[in-house]
Amino acid sequence: MKNGLRALLAQQGEESRSEVERMPKTNALVKEFHEKMPTARLMHTVPEFGVFLAVLVAEEIKDIGRFEEVGKFHAYAGLIPSTHSSGEMSCMASSSRKGIAGCVGGAGGDLAGAPS
């Protein structure tokens, strides 16, 4: 059993090294997308949005011009809570649409080890 555990740990170590080795190439590719995508550069102006998150959101949105108003974009992104009312009772709930908020959730905005 000890040999099996050692083999498993060695394999995980190799996979981690492989991921670390791929990181600079991935970061360079994301930066390239950022430079070529006007919407990504616009999203990068949002506070707390790093290069990676800006590219991710821009790719999800595609054409930001399709939103006639900021509120429609916010609704698409799942940033506006839904309101339910019945008679005299009214309550607010989280957005009924996942949109971008569901996509990016707790994702960090920066590339691994790269300044934003």
Top-ranked residue in the range 1-36 [being over 30 Å from ALA77 (Cβ atoms) and of a type in the set (A, V, I, L, M); ranked as surrounded by the fewest Cβ atoms within 10 Å (Cβ to Cβ)]: MET1
Only one of VAL70, VAL57 that is under 17 Å from the mean Cα position of the chain (by Cα) and of a type outside the set (Asp, Glu): VAL57
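Restricting to the range 37-60, name every residue that is part of a helix (DSSP H, G or I) and either acidic (Asp, Glu) or more than 14 Å from PHE73 (Cβ to Cβ) (or both).
PRO38, ALA40, ARG41, VAL51, PHE52, LEU53, ALA54, VAL55, LEU56, GLU59, GLU60 - these are the residues of the range 37-60 that are part of a helix (DSSP H, G or I) and either acidic (Asp, Glu) or more than 14 Å from PHE73 (Cβ to Cβ) (or both).
Here, each number is a calculation from the coordinates, and none is a lab measurement. If you're wondering where the values come from, they're calculated on a predicted model, not measured in any experiment. When we count neighbours, we look across all protein chains shown, and the Cβ atoms used for this are built from the backbone with ideal geometry, even at glycine.
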